[in-house]
1. Identify the single condition in (1) surrounded by fewer than 13 Cβ atoms within 10 Å (Cβ to Cβ); (2) assigned to a helix (DSSP H, G or I) that Tyr107 does not satisfy, given that it satisfies every other one.
2. Could you list, in sequence order, all residues of segment 56-98 that are more than 30 Å from Ser165 (Cα to Cα), without any contact (Cβ under 8 Å) to a residue 40 or more places away in the chain and either buried (at least 18 other Cβ atoms within 10 Å of the Cβ) or of a type in the set (Val, Ile, Thr) (or both)?
3. I want to confirm something. Restricting to segment 59-93 and keeping residues that are among the aliphatic types (A, V, I, L, M) and in a loop (DSSP other than H, G, I, E, B), which single residue is modelled with the highest pLDDT?
4. Considering segment 124-135 alone, what residues qualify as being closer than 20 Å to Phe95 by Cβ and assigned to a helix (DSSP H, G or I)?
5. Quick check on segment 162-173. Is at least one of its residues under 30 Å from Ala25 (Cα atoms), touching a residue at least 24 places away in the same chain (Cβ under 8 Å) and in contact with a Pro (Cβ under 7 Å, 6 or more places away or on another chain)?
6. Considering each of Val150, Val120 in turn, give the residue that is within 17 Å of Val90 (Cα to Cα) and assigned to a helix (DSSP H, G or I).
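The values are calculated or read from the model by the stated rules, or taken from the named source; none is laboratory data. Remember, it's a predicted structure, so these values are computed and weren't measured experimentally. Cβ placement follows ideal geometry from the backbone for every residue including glycine, while neighbour counts extend to all protein chains displayed.
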Amino acid sequence: MIPINRPVLGKDLDSIAQQFGLLVADACWLFGMSITKWMQIVRQNPEVPLKDPTLALLVRFLADHPELSVIPKFPNAGEMFALVNKVQEVDQKRFSVLFGSEASATYRWLKPGSRMSPAVGRLMFYMKMAMLAASPDKRGEMLENWRETVKLEGQARGVEDVFKSAAWKPKAKRPSRKRAAAKKVAQATA
């Protein structure tokens, strides 16, 4: 709570961000400011009153209403893994690929206390919203369409079958043994 007998200060923005468990990028979005402005207000001038009264009132309002959900509640990997498997069975390796990650990512995501990148969390959030908004008989089709999108993105990146390789980078082509032997001979005679 921000004392009513003083104006809202730069450090109060950081307190609100922490109160709601926000990353700095999320706080910048919430307060409508760039990272540069955040650094000026919160880090360089934490004891200076905010110049913008609307921003000060927004900060006060949020401080007084901790029950508000200022950013979406992102699903955890276990919750999303269960939802996807309810629609179509998928192993951990392919689940990782569905969310743009390498094969071992799901294993790490499912460990207690682990974190995902913000992009993965947001992708899971929006996919969950779309799946739950669709009728149960359409969810499988939606998931199949998404698999095709993921496959095409992998191909556009040079990966023939991203679900088979479970990697988003194309494998480096190794020179044939014949070419490698010829190269060794050429280097030895040079």
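1. (1)
2. Leu58
3. Taking segment 59-93 and keeping what is among the aliphatic types (A, V, I, L, M), we get 59, 62-63, 68, 70-71, 77, 80, 82-84, 87, 90.
The next check asks that each one be in a loop (DSSP other than H, G, I, E, B); those that pass are 68, 70-71, 90.
Numbers: Leu68: 88, Val70: 84, Ile71: 82, Val90: 95.
Taking the candidates together, the pick is Val90.
4. In the first step, residues of segment 124-135 are kept if they are closer than 20 Å to Phe95 by Cβ; the result is 124-132, 134.
If the condition is that a residue be closer than 20 Å to Phe95 by Cβ and assigned to a helix (DSSP H, G or I), then Met124, Phe125, Tyr126, Met127, Lys128, Met129, Ala130, Met131, Leu132 are the ones that fit.
5. No, every residue in segment 162-173 fails to be under 30 Å from Ala25 (Cα atoms), touching a residue at least 24 places away in the same chain (Cβ under 8 Å) and in contact with a Pro (Cβ under 7 Å, 6 or more places away or on another chain).
6. Details: Val120 fails: within 17 Å of Val90 (Cα to Cα).
Testing whether each residue is within 17 Å of Val90 (Cα to Cα) and assigned to a helix (DSSP H, G or I) leaves just Val150.
Yes/no per residue for (1) surrounded by 16 or more Cβ atoms within 10 Å (Cβ to Cβ); (2) touching a Phe, Trp or Tyr at 6+ places or on another chain (Cβ under 9 Å); (3) at pLDDT 95 or above:
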residue	(1), (2), (3)
Ile2	yes, no, no
Val8	yes, no, yes
Leu13	yes, yes, yes
Gln19	no, no, no
Leu23	no, no, no
Asp26	no, yes, no
Leu30	yes, yes, no
Lys37	no, yes, yes
Gln40	no, no, yes
